[in-house]
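To start, the structure itself, in structure tokens.
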Amino acid sequence: MADAVKRPYDASRRRAGARRTRRQVLEAARRRFVEGGYADTTVTALAADAGVSPETVYATFGSKAGVLKALFDVTVVGDDEPVGLVDREVVRRIRDEPDARLALARYAAFVAEVNPRLAPVQLLIESAAPGDPAIAALAAAVARQRLHGMSLLAAKLADQGALAAGVSADEARDVLWTTNSAQVFDLLVNQRGWPLPRYQRWLASTWEALLLGD
């Protein structure tokens, strides 16, 4: 009998399955965490909603905190493609824009696009942090990332000579960091009912008024 021909191992199907499982768990986590709270959500419940076993959740994410960290990462960029935020076209267009007003207008549009999906996750992380050391560490890392990003944008404006007289790069960083926060978004859009276009215009006009020179 002739030897059976061995087919080459195709890992693409396995990778696609793992990616699909990851998406299912993260979709379940978004619903469970945001609606029911992080502390009250169990890995067993997440697994049941996603149609997988708890062991699969642990194997994929390591822990419940790992699920929340992955949910944050995916939510920031809007998908699970292996491309970091700084390498995305939308960020490059802001970073490379020589006109400060246009750069801030583009950034306002980006924040208004991202915050509807990101703010609930950020607020969830901050609310869960006091009761879980792993989430407290995640909250601290998120805060550092935000501050670093605003430091880079403020430094860009300073290097361009765009900041108003008396406005330092540190002050610009703090204004950007405060006004683009999940808390401000929640107050204006969710609690006061501002439409997103109004929120976007407010961001752009506030930054221009507080930060830029004539």
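Each value in this text was obtained by applying a stated rule to the coordinates, not by laboratory testing. Since this is a predicted model, take the numbers as computed values, not measurements. Positions of Cβ are backbone-derived with ideal geometry, glycine not excepted, and every protein chain shown enters the neighbour counts.
Taking the Cα centre as origin and putting +1 on Lys and Arg beta-carbons and -1 on Asp and Glu beta-carbons, what dipole magnitude results for the chain, to the nearest 20 debye?
700 debye
Mind jotting down the distance between the C-alpha centroids of region 136-214 and region 43-59, whole Å?
Between the Cα centres of region 43-59 and region 136-214 lies a distance of 38 Å.
How many Å³ per residue does the convex hull of the Cα positions in the chain occupy?
Measuring per residue, one finds 161 Å³ for the Cα hull of the chain.
Quick check on the chain: helices-only [θ] at 222 nm, where DSSP H runs of length 4 and up contribute -39,500 (n - 2.57) each and the sum goes over total residues. Nearest 500, please. Kindly include the intermediate steps, with their values, before the conclusion.
Details: 10 runs with 151 residues, N = 214.
Value at 222 nm, helices only: -23000 deg cm²/dmol.
Going out from 0 in 5 Å bins, what whole percent of all Cα-Cα distances in region 12-64 drops into each bin?
4, 23, 32, 24, 10, 4, 2, 0
Obtain the nm distance between the two label points defined at GLN145 and ALA165 by a simple spin-label model: each point lies 7 Å from its Cα along the Cα-to-C-beta direction.
4.0 nm
Ordered by residue, what ³J(HN,Hα) values in Hz, to whole numbers, does region 31-48 give under the Karplus form 6.51 cos²θ - 1.76 cosθ + 1.60, where θ = phi - 60° and Gly and Pro are x?
Here the 3J(HN,Hα) series is 5, 5, 5, 6, 7, x, x, 5, 4, 8, 9, 9, 4, 4, 5, 4, 4, 4 Hz.
Go ahead and collect, in residue order, the members of region 174-214 whose backbone nitrogen is under 15 Å from a label point 7 Å along the Cα-Cβ direction of GLU113.
In region 174-214, the label zone of GLU113 (backbone N under 15 Å from the point 7 Å along Cα→Cβ) covers 197, 200-201.
Please state the relative contact order of the chain as a whole percent: Cα pairs under 8 Å, 6+ residues apart? Could you put the intermediate results ahead of the total?
Numbers: 175 pairs, mean separation 38.0, N = 214.
So the answer I get is 18 percent.
In terms of modelled amide H atoms, which long-range or inter-chain residues lie less than 5 Å from the amide H of LEU212?
Excluding prolines and chain starts, which carry no amide H, the hits are ALA164.
Please work out how much length the chain gains when fully extended from ASP73 to GLU35, using 0.36 nm per residue of separation minus the C-alpha to C-alpha distance, in nm with one decimal.
11.8 nm is the gain from fully extending ASP73 to GLU35.
Add +1 for every Lys or Arg and -1 for every Asp or Glu among the other residues with Cβ under 15 Å from the Cβ of LEU157, and state the total. The partial results should precede the final answer.
Values: positive: ARG95, ARG101, ARG106, LYS156, ARG173; negative: ASP96, GLU97, ASP99, ASP159, ASP170, GLU171, ASP174, GLU208, ASP214.
Taking every Cβ under 15 Å from that of LEU157, the sum is -4.
Where is the GNM fluctuation largest for the chain (alpha-carbon springs, 10 angstrom cutoff): ALA182, ALA16, ALA172?
ALA16
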